Each structure stands twice: as structure tokens, then as C-alpha cells.
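*Asks:* Below are the C-alpha cells for one structure; questions will follow.
The values are calculated or read from the model by the stated rules, or taken from the named source; none is laboratory data. Just so you know, these numbers come straight off a predicted model, no measurement behind them. Glycine gets a Cβ as well: all are built from the backbone with ideal geometry, and neighbour counts include every protein chain shown.
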Amino acid sequence: MALRLPPLPTIRDLTKLYRLQARKQLAQNFLMDERLNNKIVRQAGNIEGYHIIEVGPGPGGITRSILKRLPQRLTVVEKDKRFEPTLNMLAETYAAVNGKMDIFYDDILRFNFNQILEEDFKADWEDKAPKIYIIGNLPFNVSTPLIIRWLNDIAEKRGPWTMGRVRMLLTFQKEVAERLVAEPNDSQRCRLSVMAQAWTSAKLRFIIPGRAFVPEPDVDVGVVSFQPHIKPRTNHEFSYFEKITRHVFSFRQKYSLACI
């Protein structure tokens with residue numbers, strides 16, 4: 001079931017109304033196409049009754065698509081307070097239909113997830129995934145360090161992963177997305193592939209052409225889903241495993257096997 005939100009200005013109109021322009025220093029790119037925003041959120045499946053955590057909502061394009069699918073709670077974490085008017089409008093609209101949307105203005109790399117996690121959503125690690133989903137159109141400049149940090153959190157079962165095997169749906173530059181999901185013997189196989197696949201099942205859902213974003217980036221964008229494994233594919237601690245893979249992939253590819 002999808003929610004029909006009360007009439008609202010389009011995201012494109014709101015960015016004009018509040019004179020919101022993407023900031024290059026924050027690596028911001030807005031996705032204005034409602035169909036593509038809907039397509040991203042559909043990859044998460046049925047999220048009705050879930051707690052959704054959205055990273056970097058910007059003016060709220062993906063946020064709208066999430067709200068239409070009736071999560072029990074939506075928490076958004078946005079670094080740029082210029083988006084306060086548009087995000088407040090969405091929160092007020094959702095509250096009018098008895099929905100809950102909380103807004104935090106913070107850097108996701110420093111954000112304390114413990115302040116938003118609720119025991120009601122918790123599931124045992126060996127059980128099916130909890131009704132919590134992290135969704136985000138990530139700025140290119142934080143996407144790689146952020147996924148490495150979250151993989152570490154998955155390995156240590158901390159942050160959101162104290163609640164169980166929380167899934168993620170995130171955007172990356174196409175090249176990074178392809179590396180994350182690259183299989184053994186794939187030319188794209190790299191440290192990031194090994195790290196991601198040791199602790200999660202990573203799948204490339206689809207590619208969004210760069211021209212769909214404002215401003216248009218020089219690259220296309222890949223949407224990747226992550227499902228934490230019940231048991232990781234390594235018995236090593238994360239820091240040691242990362243150190244070894246970093247060393248192995250510091251060699252030219254044809255010498256990596258010999259290095260191992």
C-alpha cells in the first residue's frame with residue numbers, strides 16, 4: 001500500500017523557491033526525477049511499518065518516495081541546514097497523516113545512532129533482518145569511507161547493527177558500485193569488493209545516468225543493496241583483514257595472487 005501525500009510543490013519547484021543549489025564542496029547532486037526516486041525505494045521491498053534511516057536527503061526527493069510507502073518511522077540525517085524548509089514541510093505533511101519523521105542536522109560520519117534506535121525493532125542476528133533499513137543517495141566524497149566504516153560496524157555488531165542484520169540501500173559512483181559487487185576473477189575485483197563481500201551480500205540493483213542529477217556529475221551512479229551475512233566469510237578481525245587486503249591490492253593485479 002502506498003500513501004498519497006497531500007499536494008506539495010515539486011522538489012524542482014522547492015529548490016527554486018528556496019534558492020537551493022547543490023554545493024560542490026559537499027559533493028551534492030540532486031535527483032529530481034520522481035520515477036527514479038520511487039525506483040530506488042522499491043529496491044528495499046515492502047517497508048511499511050519499518051524504521052527507515054535516510055542519509056543525506058537533501059531537498060527530499062527520495063524522502064517523499066519513502067514516506068509514500070508508509071514506514072512507521074523515518075529518521076533523516078542531513079548535514080546541510082539549508083534544506084530545513086523542505087524537510088520540515090515533509091515532516092509536517094507526514095505528521096498530518098499520523099506518521100513520524102525526525103530530522104537530525106549532523107555529519108553522518110559523526111552521527112550517534114544510539115539516540116534513534118528503538119528496542120521494538122530489534123531482532124536476533126541469526127533471525128531474519130529487523131524492520132530497519134538504511135537508505136541514502138550518498139555524496140561521492142563520503143561514500144567510500146562511510147561504507148568501510150559501516151562494514152566495520154557490521155563486523156563488530158555496533159551502531160545500527162546492535163539491532164540485528166540491518167540492510168542498506170545506497171548510491172555510489174558507478175565505478176565504485178561495480179567494484180563493490182565484483183566477483184573473483186572480475187577485472188574490477190579490488191580491496192573494496194573483498195571487504196564488502198566478506199561481511200555482506202552486495203548487489204548492484206541498477207544504474208542511474210548522470211544526466212538525471214542536478215547538477216549533472218561526470219559519472220553515472222549505481223544503486224547497491226547490502227544484506228549482512230549471518231556468518232562472515234572470514235574469521236579474522238576487521239582491522240587485520242582490512243590491513244591484509246590493503247597490502248595485497250597495493251600490488252599490480254597480476255602480482256596479487258603471487259603476493260597471497
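*Asks:* Give all pairs with beta carbons closer than 8 Å in which a residue from region 154-169 that is among the hydroxyl-bearing types (Ser, Thr, Tyr) meets a residue that is modelled with pLDDT of 95 or more and part of a loop (DSSP other than H, G, I, E, B); count only pairs at least 6 apart in sequence or on separate chains.
*Replies:* Filtered contacts from region 154-169: Thr162/Leu117; Thr162/Lys122.
*Asks:* Given the structure, is Phe111 among the aromatic types (Phe, Trp, Tyr) and free of Cβ contacts under 8 Å to residues at least 60 places away in the same chain?
*Replies:* Against the criterion (among the aromatic types (Phe, Trp, Tyr) and free of Cβ contacts under 8 Å to residues at least 60 places away in the same chain), Phe111 qualifies.
*Asks:* Filtering region 52-97 down to residues that are under 15 Å from Ile135 (Cα atoms) and part of a helix (DSSP H, G or I), which residue is modelled with the lowest pLDDT?
*Replies:* Gly61
*Asks:* Could you tell me which of the residues Ile154, Ile148 is more than 23 Å from Gly210 (Cβ to Cβ), modelled with pLDDT of 95 or more, crowded, with 21+ Cβ neighbours inside 10 Å and in contact with a helix residue (DSSP H, G or I) (Cβ under 8 Å, 6 or more places away or on another chain)? Steps first, answer last, please.
*Replies:* Working: Ile148 fails: crowded, with 21+ Cβ neighbours inside 10 Å.
Result: Ile154 is the single residue among Ile154, Ile148 that is more than 23 Å from Gly210 (Cβ to Cβ), modelled with pLDDT of 95 or more, crowded, with 21+ Cβ neighbours inside 10 Å and in contact with a helix residue (DSSP H, G or I) (Cβ under 8 Å, 6 or more places away or on another chain).
*Asks:* Could you list all residues from region 227-254 that are assigned to a strand (DSSP E or B) and surrounded by fewer than 19 Cβ atoms within 10 Å (Cβ to Cβ)? Spell out how you get there, then give the answer.
*Replies:* Taking region 227-254 and keeping what is assigned to a strand (DSSP E or B), we get 227-228.
The one that is assigned to a strand (DSSP E or B) and surrounded by fewer than 19 Cβ atoms within 10 Å (Cβ to Cβ): Gln227.
*Asks:* Counting only residues that are of a type in the set (D, E, K, R) and within 16 Å of Ile132 (Cβ to Cβ), which one in region 98-119 is surrounded by the fewest Cβ atoms within 10 Å (Cβ to Cβ)? Give the steps one after another, and end with the answer.
*Replies:* Here is the first cut: in region 98-119, the residues of a type in the set (D, E, K, R) are 100, 102, 106-107, 110, 118-119.
Next cut, within 16 Å of Ile132 (Cβ to Cβ) only: 100, 102, 118-119.
On the way: Lys100: 13, Asp102: 13, Glu118: 11, Glu119: 6.
Looking at residues that are of a type in the set (D, E, K, R) and within 16 Å of Ile132 (Cβ to Cβ), I get Glu119.
*Asks:* Out of curiosity, is Ala27 in contact with a Pro (Cβ under 6 Å, 6 or more places away or on another chain) and at pLDDT below 90? Please lay out each step first, then the result.
*Replies:* Working: in contact with a Pro (Cβ under 6 Å, 6 or more places away or on another chain): yes; at pLDDT below 90: yes.
So Ala27 passes the test.
*Asks:* Considering only region 25-51, state which residues are in a helix (DSSP H, G or I) and within 16 Å of Phe121 (Cβ to Cβ).
*Replies:* Within region 25-51, no residue meets the criteria.
*Asks:* Only one of these conditions is not met by Arg167: (1) among the basic types (Lys, Arg); (2) surrounded by fewer than 18 Cβ atoms within 10 Å (Cβ to Cβ); (3) at pLDDT 95 or above. Which number is it?
*Replies:* (2)
*Asks:* In region 29-42, which residues are surrounded by 15 or more Cβ atoms within 10 Å (Cβ to Cβ) and out of contact with any Phe, Trp or Tyr (no Cβ under 6 Å at 6 or more places or on another chain)?
*Replies:* Phe30, Met32, Asp33, Glu34, Leu36, Asn37, Asn38, Lys39, Ile40, Val41
*Asks:* So, in region 76-92, exactly how many residues are of a type in the set (S, T, N, Q) and either in contact with a Lys or Arg (Cβ under 9 Å, 6 or more places away or on another chain) or surrounded by fewer than 18 Cβ atoms within 10 Å (Cβ to Cβ) (or both)?
*Replies:* Total meeting the criteria: 1.
*Asks:* Could you tell me whether Leu192 is within 21 Å of Thr234 (Cα to Cα), touching a Lys or Arg at 6+ places or on another chain (Cβ under 6 Å) and surrounded by 19 or more Cβ atoms within 10 Å (Cβ to Cβ)?
*Replies:* yes
*Asks:* Could you say whether any residue in region 207-217 is crowded, with 18+ Cβ neighbours inside 10 Å and under 26 Å from Tyr240 (Cα atoms)?
*Replies:* no
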